[in-house]
Amino acid sequence: MQEKTAMSFKWLLTASFINSFALGFIWPLTSIYLHDQLHQTLVVIGWVMLANALGQMIGSVISGRLFDRFAPFVLIQIGVGVMIVAQVAFIIWHSWPVYPLILVVTGLFSGWNTAAINSYGTQINNRDGRYVFNMLYFIANFGMVFATAIVGPIYAFGIIWLFVISLVMYSFLFWIIRRHFNFSIARTKADVKISLDQQLSVWNKRLIWTVIIGLGILWISYSQWLGNLSVYMSDVLSLPLWQYSMLWTINGLLIAAIQLTMNGLNLVASRRAMWIQIFGGIGFFGLAFLVLPFVNNFTGFAIAMIITTFGEATAFPMIPALINELTPNGLKGRFQGWAAAAPSAGRAFGPLLGGLMIEHSGYHQMFFAAAGIVLLALIGVAIMVMWGYRFTTHYEQ
């Protein structure tokens, strides 16, 4: 197969969309399937979801490190190839206890593939890095929202059909990768030395790890939206489940509108705009949790979700973009892997921490605690940026 000379941004976005779309047929209904069809307790389901999220985190870290050391083209083919095999396994074995074991494997390699795609994004040389990661974030969310919108009706015909569709999508993704991802990454001897010796300036390291840890903290709070809030709305406030689902429709549509507007107006090209997005986005994100204790109807939750989405859509894409700016070519994959692992860590431990807080103090105190840790993340990132950014070395593509 002929090797290309540069990564195509169009095909990278296509791969990101298909990867998220295919993944959207696997995990959204996992809890319902485990509870209603496999008759597992909520405690067991919690452990399964924890193992899946930890798998995503580990896969992201491993994939990012390997991206800098080995052939990325082989790396991503392995990841997508395993996901194809996993879908076949799901079709054949989807009973207890094999189903959760396969689910952990899919968690590992979904994290693997996401980190690989983000690492490929660092190799787009004809676009500004902030624009690249804004678009990657938008297209991945769009794929997930599109999948979750249709997964419910398809599930009514049997869970096997979800795995069949996912198998077709991953097979298509493998074909795209074979045709459009085989290009040479120019690495100098200095890049290799950096990759092996892990040499990076002190302030680059400090800032990179600050934003990665901050992203993980934000996802600890965000994970309350993904799980505990649905229980709060349905069991405590007796609101119908469709209203909770509608919040995510609002989230997906608003992310698309925000990202397309910012990219259309070229707002992401400015470094000043990047700081506004990061600080303002984190601030909005925390503000929503201060709203939640005082609302008890769909309108109030919709307002809180709109505030959350403004924060998410502006701050989250800028963190991998900033990491890209602060890492040389030989270390980009490693730290993009950690950036992809941070949300998985938040999803792994957030529901557990939120559940403990709810049992001890109730939902309202959990919301205030979520706002508090977001504030701590904002203060930590702001201090490190204002103190040390001027001492960092920049690596523009």
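The values are calculated or read from the model by the stated rules, or taken from the named source; none is laboratory data. The model shown is predicted, which means the values in this text are computed figures rather than measured ones. A quick note on method: Cβ atoms are made from the backbone with ideal geometry, for glycine too, and the neighbour counts reach across all protein chains shown.
If we scan region 104-123, do we find a residue that is within 27 Å of residue 179 (Cβ to Cβ) and in contact with a strand residue (DSSP E or B) (Cβ under 9 Å, 6 or more places away or on another chain)? Give the steps one after another, and end with the answer.
The first filter runs over region 104-123 and keeps only residues within 27 Å of residue 179 (Cβ to Cβ), leaving 105-106, 108-123.
Those left that are additionally in contact with a strand residue (DSSP E or B) (Cβ under 9 Å, 6 or more places away or on another chain): 123.
Checking region 104-123: at least one residue is within 27 Å of residue 179 (Cβ to Cβ) and in contact with a strand residue (DSSP E or B) (Cβ under 9 Å, 6 or more places away or on another chain).
Would you mention how many residues in region 89-142 are surrounded by fewer than 24 Cβ atoms within 10 Å (Cβ to Cβ) and assigned to a loop (DSSP other than H, G, I, E, B)?
11
When only residues in region 143-159 that are within 20 Å of the chain's Cα centre (by Cα) and surrounded by fewer than 16 Cβ atoms within 10 Å (Cβ to Cβ) count, which is nearest to residue 259 (Cα to Cα)? Give the steps one after another, and end with the answer.
Taking region 143-159 as the starting set, the residues that turn out to be within 20 Å of the chain's Cα centre (by Cα) are 143-149, 151.
Going one step further and asking which of them are surrounded by fewer than 16 Cβ atoms within 10 Å (Cβ to Cβ), we end up with 146, 149.
Working: 146: 16, 149: 20 Å.
Here the residue is 146.
Right, residue 283: within 25 Å of residue 122 (Cβ to Cβ) and not hydrophobic (A, V, I, L, M, F, W, C) or not?
When the stated conditions are applied, residue 283 does not pass them.
For region 112-162, which residues satisfy the criterion of being farther than 13 Å from residue 9 by Cβ and either touching a His at 6+ places or on another chain (Cβ under 9 Å) or of a type in the set (Asp, Glu) (or both)?
159, 160
Which of the residues belonging to region 297-346 are at pLDDT 90 or above and either not assigned by TED's automatic domain parsing to the domain that holds residue 278 or not in a helix (DSSP H, G or I) (or both)?
297, the sole residue that qualifies.
Regarding residue 312, is this residue charged (D, E, K, R) and over 25 Å from residue 201 (Cβ atoms)? Let's see the steps before the verdict.
Numbers: charged (D, E, K, R): yes; over 25 Å from residue 201 (Cβ atoms): yes.
For residue 312, the condition - charged (D, E, K, R) and over 25 Å from residue 201 (Cβ atoms) - is met.
Residue 233 versus (1) assigned by TED's automatic domain parsing to the domain that holds residue 298; (2) at pLDDT 85 or above; (3) surrounded by 17 or more Cβ atoms within 10 Å (Cβ to Cβ); (4) of a type outside the set (D, E, K, R): which is the lone unmet condition?
Failing condition for residue 233: (2).
Which residue, of 209, 242, is at negative phi, part of a helix (DSSP H, G or I), surrounded by fewer than 17 Cβ atoms within 10 Å (Cβ to Cβ) and modelled with pLDDT under 80?
Details: 209 fails: modelled with pLDDT under 80.
The match here is 242.
Return yes or no: is residue 390 of a type in the set (Lys, Arg) and within 18 Å of residue 215 (Cα to Cα)?
Values: of a type in the set (Lys, Arg): yes; within 18 Å of residue 215 (Cα to Cα): no.
No, not satisfied.
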